[in-house]
1. Among residues belonging to the range 62-90 that are of a type in the set (D, E, K, R) and modelled with pLDDT under 95, point out the one that is least open to solvent (accessible area, probe 1.4 Å).
2. Could you check the range 96-125 and list, in sequence order, the residues that are touching a Leu at 6+ places or on another chain (Cβ under 8 Å) and among the small types (Gly, Ala, Ser)?
3. Condition first: modelled with pLDDT under 95, aromatic (Phe, Trp, Tyr) and surrounded by 14 or more Cβ atoms within 10 Å (Cβ to Cβ). Can you find one or more residues in the range 110-128 that meet it?
4. Could you please find all residues in the range 1-49 being open to solvent by 80 Å² or more (accessible area, probe 1.4 Å), in contact with a strand residue (DSSP E or B) (Cβ under 6 Å, 6 or more places away or on another chain) and either of a type outside the set (S, T, N, Q) or modelled with pLDDT of 90 or more (or both)?
5. Identify all residues within the range 27-49 that are in a helix (DSSP H, G or I) and polar (S, T, N, Q); write none if there are none.
6. If you scan the range 50-60, which residues turn out to be out of contact with any Lys or Arg (no Cβ under 8 Å at 6 or more places or on another chain) and either open to solvent by less than 70 Å² (accessible area, probe 1.4 Å) or in a loop (DSSP other than H, G, I, E, B) (or both)?
7. I'd like to verify a number: residues in the range 68-113 that are more than 24 Å from residue 23 (Cα to Cα) and assigned to a strand (DSSP E or B), how many?
Amino acid sequence: MKKIVLVFSLFLIGFSVQSQEVKKKKNAKVSFEVDGICGMCKTRIETAALKSKGVKFAVWDVNTHQLNVIMDERKTDVLTIQKNITKVGHDIILEDDKKIVATTEAYNSVHPCCKYRDEEIITDHEGELKKQKKN
């Protein structure tokens, strides 16, 4: 009788542990903010995200800085994608004004017109965006 109770108890424990396991989604939708200012930044950010194993779709919006990703959570996670983006020189903007900052070496590798930390370049791009909207 003790053996039956023991086996039954182990069965219940195993079943409850299995039901608590978090199911990872095959097509998880994730979005976060990435710093950048132009079309070349867009290409660089999207390419870095897509090179992450398990990322199926990545689109970055120049105006909102929002990166939308569809990924397989069984193959990758958000932090891995964010690290790959910082490796190509772009900062990740998190909640509460926190950031994952790209290294100086990575940031310096971006094209001179993509220096999103430089106020003068940002102002220059804003002027170009205004001209494009009027036409």
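The values are calculated or read from the model by the stated rules, or taken from the named source; none is laboratory data. Just so it is clear, the structure is predicted and the values come from calculations on it, not from any experiment. Cβ atoms come from the backbone with ideal geometry, glycine included; neighbour counts cover every protein chain shown. For the accessible areas, the whole protein counts, side chains as well, though only heavy atoms, and no ligand, DNA or RNA atoms are used. Shrake-Rupley method; radii C 1.70, N 1.55, O 1.52, S 1.80 Å.
1. At the first step, the residues of the range 62-90 found to be of a type in the set (D, E, K, R) are 72-75, 77, 83, 87.
Narrowing further to those that are modelled with pLDDT under 95: 72-75, 77.
Working: 72: 4, 73: 57, 74: 143, 75: 123, 77: 74 Å².
The extreme case among them is 72.
2. Of the residues in the range 96-125, the ones touching a Leu at 6+ places or on another chain (Cβ under 8 Å) are 100.
None - no residue of the range 96-125 is touching a Leu at 6+ places or on another chain (Cβ under 8 Å) and among the small types (Gly, Ala, Ser), so the list stays empty.
3. Initially, the range 110-128 is screened for residues modelled with pLDDT under 95, giving 110-128.
Now narrow it down to the ones that are aromatic (Phe, Trp, Tyr): 116.
Adding the requirement that they be surrounded by 14 or more Cβ atoms within 10 Å (Cβ to Cβ) leaves 116.
The answer is yes; a qualifying residue exists.
4. Residue satisfying the conditions is 29 alone.
5. Of the residues in the range 27-49, the ones in a helix (DSSP H, G or I) are 39-49.
Result: 43, 47.
6. Once the filter is applied, which keeps residues that are out of contact with any Lys or Arg (no Cβ under 8 Å at 6 or more places or on another chain) and either open to solvent by less than 70 Å² (accessible area, probe 1.4 Å) or in a loop (DSSP other than H, G, I, E, B) (or both), the range 50-60 yields 51, 52, 55, 58, 59.
7. Filtering the range 68-113 down to residues more than 24 Å from residue 23 (Cα to Cα) leaves 84-113.
With assigned to a strand (DSSP E or B) added as a condition, the list becomes 92-93, 99-100.
Residues that pass the stated criteria total 4.
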